[in-house]
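Heads up: the structure comes next, in structure tokens.
Bear in mind that the values in this text are calculations on the coordinates, not laboratory data. Please read these numbers as outputs of a predicted model, since none were measured by experiment. Every residue, glycine as well, gets a Cβ built from its backbone with ideal geometry; the counts of neighbours run over all protein chains shown.
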Amino acid sequence: MWGPAAPAGPWHRSRAELVRVHNFGVSRDGYAAGQGQSLQRPFGSADPQDLVGWAMETGLADYLVREFHRNIGAEIMGRNKFGPQRGPWTDHEWQGWWGPEPPFHTPVFVMTHHERPSFMLSDTTFHFVGGDPATVLGLALDAADGKDVRLGGGATTVRQFLDAGLIDTLHVAVAPVELGAGTRLWVSPDELLDRYHRDVVAGVDGVVHHLFWRELP
């Protein structure tokens, strides 16, 4: 945790849980993925090593990666993080990019306009739910059973929650590459300074970590 969080939304007025974004990689021009996502290329035209390779380093990176699991009771993600399919589901055999042992170890709520039956892999259950960010957050908070909710991405989903005022802490790792097109989180990290405090910490290989926490009222 990088600082105090202020109330935001109905759950935060009555609950102590936080909504957290961790280890979210973007390019210097604000893109979290390139164009042309496919089964073979989850990040589209972007090289995932450019955006998330920093997580294999030691020191600060090791600490930030370990924070990913601390006190997390549920995850929310957008459909494009779950897989490359669009529109109505044509293949229920697809169960995500992660194989039989997903890294979440909690209930996961996949936001989609096209719901499908829930399923379990190891100790992770995937639920496919419609609704606006506040509605989905309510489901995740109930499932989290008193722990925090992690918002996993992608960029469109994170931006929706930011615009709805539902994120308490946010860690974005800005890589020293430019993509020029794709799925964008922001034009500039300064966009959030009207709502959040920020610390900026230089990492290795030119990566810059932006750590945001919500302004006190």
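Within the chain, antiparallel bridges make up roughly 45 percent of the DSSP beta bridges whose residues both belong there.
Protection proxy ranking of 55-67, 200-212, by the mean of other Cβ atoms within 10 Å over each peptide's residues and highest first, is 200-212, 55-67. Using C-alpha pairs under 8 Å with a sequence gap of at least 6, the mean separation divided by the residue count of region 32-129 gives a relative contact order of 21 percent.
The modelled label-to-label distance for the pair T58/S45, using points 7 Å beyond Cα in the direction of Cβ, is 3.8 nm. Can you tell me how region 61-158 classifies by the Cα gyration tensor, rounded, prolate or oblate, using a/c under 1.5 as the rounded cut? Prolate, because a/c is 1.5 or more and a/b exceeds b/c.
The three principal axes of the Cα atoms in region 121-217 give end-to-end lengths of 38, 37, 24 Å, sorted in falling order. Extending 7 Å from the Cα toward the beta-carbon at both T90 and A181 defines two label points whose distance is 2.3 nm. Counted by Cβ distance under 14 Å from G25, the other residues give a net charge of -3, where Lys and Arg count +1 and Asp and Glu count -1.
Once the Cα-Cα distance is subtracted from the 0.36 nm per residue extended length, the R28 to E115 segment shows a gain of 27.9 nm. Indicate the gyration tensor shape class of region 84-139 (rounded, prolate or oblate), computed on the Cα atoms with a ≥ b ≥ c the square roots of the eigenvalues: a/c under 1.5 is rounded; otherwise a/b larger than b/c is prolate and the rest oblate. Because a/c hits 1.5 or more and a/b fails to exceed b/c, region 84-139 counts as oblate.
Farthest towards the positive end of the charge dipole of the chain, among the residues V174, A33, V204, is the Cα of A33, using unit charges on the Cβ of Lys, Arg, Asp and Glu.
Quick one: pull the percentage of alpha-carbon pairs in the chain with a separation above 29 Å. Value for the chain (Cα pairs over 29 Å): 21 percent.
For H127, the residues whose amide H sits under 5 Å from its own are V108, F109, V110, ignoring neighbours fewer than 5 places away on the same chain, with H placed 1.01 Å from N. Bridge orientation summary for region 74-190: considering DSSP beta bridges with both residues in this region, about 20 percent are antiparallel. Full extension of the segment from D163 to V129, taken as 0.36 nm per residue of separation minus the current Cα-Cα distance, would add 10.3 nm. Under the criterion of Cα pairs below 8 Å and six or more residues apart, the relative contact order for region 174-217 equals 41 percent.
Relative to the Cα centre, the charge distribution of the chain, modelled as +1 at Lys and Arg Cβ and -1 at Asp and Glu Cβ, gives a dipole magnitude of about 300 debye. In this rough spin-label picture, where each label sits 7 Å from Cα along the Cβ direction, the S188-W98 distance is 3.6 nm.
From its DSSP helices (H runs of at least four residues, each -39,500 (n - 2.57)), the chain gives a residue-normalised ellipticity at 222 nm of -5000 deg cm²/dmol.
What does the net charge come to around L39 if you take all other residues with beta carbon closer than 13 Å to its beta carbon, with K and R at +1 and D and E at -1? Mind showing how you got there, number by number?
Values: positive: R41, R86; negative: D91, E93.
Overall, the nearby charge balance is 0.
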